[in-house]
Amino acid sequence: MSLEAKKSLGQNFLKSKKAISAMISAPEISRGDIVVEIGPGKGALTRPLLETGATVIAFELDQRMVGYLKEEFTEYIDNKKLILVHQDVLEVDIKEFTKGKPYKVVANIPYYITNLIVRNFLSNVYQPTAMCLLIQKEVAERIVSRDGKESILSLSVKIFGDPKYIAKVARQYFSPSPKVDSAIILISDINRQYVPNSKDEEEFFEVIKAAFAQKRKQAIKNLSKLKPRSYWEEIFNSLDLEKKVRAEDITFQKWLQIVDKYNEN
Ligand code: SAM
């Protein structure tokens with residue numbers, strides 16, 4: 001059976017031992033952990049994960065890879081240390097597999113669905129406690145606001161957890177080599193403290209989506225689609241924010257305060 005990489009499935013196989021070991025040490029994977037792996041591929045990350053003594057639940061869409069992994073990992077599968085699932089990760093009911101127990105996500109993910117994967121796991125009622133992901137470097141930098149600018153993406157991660165840039169993984173450490181470099185990020189301390197219920201979550205996203213609708217415009221101008229300008233001016237004033245500030249220049253902490261005030265009235 002041919003195991004040639006399928007571009008349509010975002011298949012870029014990892015061949016850096018250093019990157020693999022960073023992806024296991026950053027989220028502190030150890031014996032007894034439940035780890036969800038997205039797209040195990042040929043198992044580059046799966047084997048070292050299993051060697052820590054963790055139980056791995058791996059979702060793989062490519063039937064060829066599932067067949068290959070079944071042969072390579074027979075023992076782990078028989079011992080129920082590896083639960084291999086031939087399914088689209090975006091359609092998975094995670095609780096069915098984790099049984100509501102705490103788990104961590106560790107994955108070199110298919111880049112074409114990065115945003116959906118991050119969103120689905122973080123906003124899930126059964127969210128992981130940590131996510132260690134290998135993603136496009138540019139996206140990793142945006143999530144951690146490396147340039148000091150916020151975005152819908154960075155805020156939609158920070159509302160649930162604490163993102164940290166771990167390391168760059170250059171394109172030559174993949175086979176085939178993608179067109180861009182990658183980076184490992186760790187999102188730790190995942191919880192719903194800022195958005196305990198779905199209404200809080202909806203309101204947070206309603207406000208930030210409106211504020212970032214036109215990036216070049218002032219936040220207040222964008223937000224006046226939701227409530228009159230004077231309403232926002234009062235809130236910004238009470239929080240010592242310039243009226244002319246752009247959404248990307250408002251910090252996560254300030255966004256929490258803005259949304260709090262929006263919820264009050
Ligand atoms: N983990 C392997 C590694 O590091 O070498 C492979 C990583 S490769 C970037 C992404 C993997 O995700 C591929 O094996 C691909 O088949 C799989 N994949 C793509 N879309 C998927 C989906 N929607 N659900 C589950 N797996 C998917």
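The values are calculated or read from the model by the stated rules, or taken from the named source; none is laboratory data. Everything numeric in this text was worked out from a predicted model, so none of it was measured. No Cβ is skipped: glycine too gets one built from the backbone with ideal geometry, and neighbour counts run over all protein chains shown.
In region 228-242, the qualifying residues are those that are out of contact with any helix residue (DSSP H, G or I) (no Cβ under 7 Å at 6 or more places or on another chain) and not hydroxyl-bearing (S, T, Y), and the one that is surrounded by the fewest Cβ atoms within 10 Å (Cβ to Cβ) is D240.
So which of S25, S16, S21 ends up being in the same structural domain as Y112 (by TED's automatic domain parsing), near the ligand (Cβ under 10 Å from one of its atoms) and among the polar types (S, T, N, Q)?
Exactly one residue qualifies, and that residue is S16.
The criterion of being within 9 Å of the ligand (Cβ to nearest atom) and within 15 Å of the chain's Cα centre (by Cα) does not hold for A130. Of all residue pairs spaced 6 or more apart or on separate chains, those with beta-carbon atoms under 7 Å, a first member in region 1-24 that is at pLDDT 95 or above and a second member that is charged (D, E, K, R) and within 8 Å of the ligand (Cβ to nearest atom) are F13/K42. Of everything in region 1-59 that is farther than 18 Å from D88 by Cα and among the hydroxyl-bearing types (S, T, Y), the residue that is surrounded by the most Cβ atoms within 10 Å (Cβ to Cβ) is T55. Total residues in region 243-265 satisfying the condition of being among the hydrophobic types (A, V, I, L, M, F, W, C) and surrounded by fewer than 19 Cβ atoms within 10 Å (Cβ to Cβ): the figure is 3. Evaluation of L153 against the conditions (1) assigned by TED's automatic domain parsing to the domain that holds G39; (2) in a loop (DSSP other than H, G, I, E, B) shows that the sole unmet condition is (2).
For region 55-90, the set of residues classified as more than 14 Å from the ligand (Cβ to nearest atom), in contact with a helix residue (DSSP H, G or I) (Cβ under 9 Å, 6 or more places away or on another chain) and in a loop (DSSP other than H, G, I, E, B) consists of K81 only. Of all residues in region 95-119, those that are among the small types (G, A, S) and either near the ligand (Cβ under 9 Å from one of its atoms) or under 21 Å from K15 (Cβ atoms) (or both) total 1. With respect to P163, is the statement that it is outside the structural domain of W255 (by TED's automatic domain parsing) and within 16 Å of the ligand (Cβ to nearest atom) true? The answer is no for P163.
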